[in-house]
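K.L.:
Please read through the structure below; I'll follow up with questions.
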Amino acid sequence: MTNQEIFKGITTAELISYKVSGDNSKELRQEIERRIFLEASSREGKVNNTQLDAQYNG
């Protein structure tokens, strides 16, 4: 069974809360890193709305 299968259905926020509460398992760390990598990859090349708001709205 893969980490992805183990953590299926659990949100990234929940995984991070497990980590913060003291779960230092290698599998948990790897799954959090995988999800962050996927999210960062999906945002690559997209505009940062916060930056645009500051630029055009003062």
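The values are calculated or read from the model by the stated rules, or taken from the named source; none is laboratory data. A quick note: this is a predicted structure, and the numbers were derived from the prediction, not measured. So basically every Cβ, Gly included, is an ideal-geometry build from the backbone, and we count neighbours across all protein chains shown.
K.L.:
Out of the helices (runs of 4 or more DSSP H) lying entirely within the chain, which hold 2 or more residues that are polar (S, T, N, Q) and surrounded by 10 or more Cβ atoms within 10 Å (Cβ to Cβ)?
P.N.:
Fully inside the chain and qualifying: 3-6, 12-20.
K.L.:
Can you tell me which of ILE10, ILE36, ILE16, ILE32 is at pLDDT 90 or above and in contact with a Leu (Cβ under 8 Å, 6 or more places away or on another chain)?
P.N.:
Of the residues listed, the single one that is at pLDDT 90 or above and in contact with a Leu (Cβ under 8 Å, 6 or more places away or on another chain) is ILE32.
K.L.:
Right, another one. Which of the residues belonging to the stretch 11-49 are basic (Lys, Arg) and free of Cβ contacts under 8 Å to residues at least 12 places away in the same chain? Spell out the reasoning first.
P.N.:
Taking the stretch 11-49 and keeping what is basic (Lys, Arg), we get 19, 26, 29, 34-35, 43, 46.
Once the filter is applied, which keeps residues that are basic (Lys, Arg) and free of Cβ contacts under 8 Å to residues at least 12 places away in the same chain, the stretch 11-49 yields LYS26, ARG29, ARG43, LYS46.
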